[in-house]
Amino acid sequence: MVAIKKNNGKLDQVFSELFQVFTEIEEQLDKKFANDEEGFSTAILEAIESAIDTAIEEHDASASAVAQMLAAFTEALEEIDPSAFEEIEEDDDYDFDDGDVDDLDDYDEDDEDDDDEDE
């Protein structure tokens, strides 16, 4: 039981540090991308991706293990405050438009072959 309390204390400390570091990064990037929401959002994502990738490599973990951990964090937050997931505001800083992403399901190799025949 003592070990569990000790580990919970470590989690408390890690989350506190995570919030502090994330806030610092947001402030730095907010200054750098003051009028560029897309640049700000991209920079935040890149910072998070880099941190996750480093942790995966450092701990010889898998992306699946990270996903399970994040799912547990999400479930815990939902238990604490269900309203946090009820409605996501439209002007969220991390709202990404995936309209520019090509849908590979729509890709037809026959179209490519047709283009080659035209030459």
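Structure notes:
- Only one entry in ALA34, ALA43, ALA84 is at pLDDT 95 or above and surrounded by 10 or more Cβ atoms within 10 Å (Cβ to Cβ), namely ALA43.
- Only one of the listed residues (GLU49, GLU17, GLU57) is at pLDDT 95 or above, part of a helix (DSSP H, G or I) and farther than 19 Å from PHE73 by Cβ. That residue is GLU57.
The values are calculated or read from the model by the stated rules, or taken from the named source; none is laboratory data. Keep in mind that what you see is a predicted model, and the values were worked out from it rather than measured. Cβ sites come from the backbone with ideal geometry, for glycine too, and all protein chains shown count toward neighbours.
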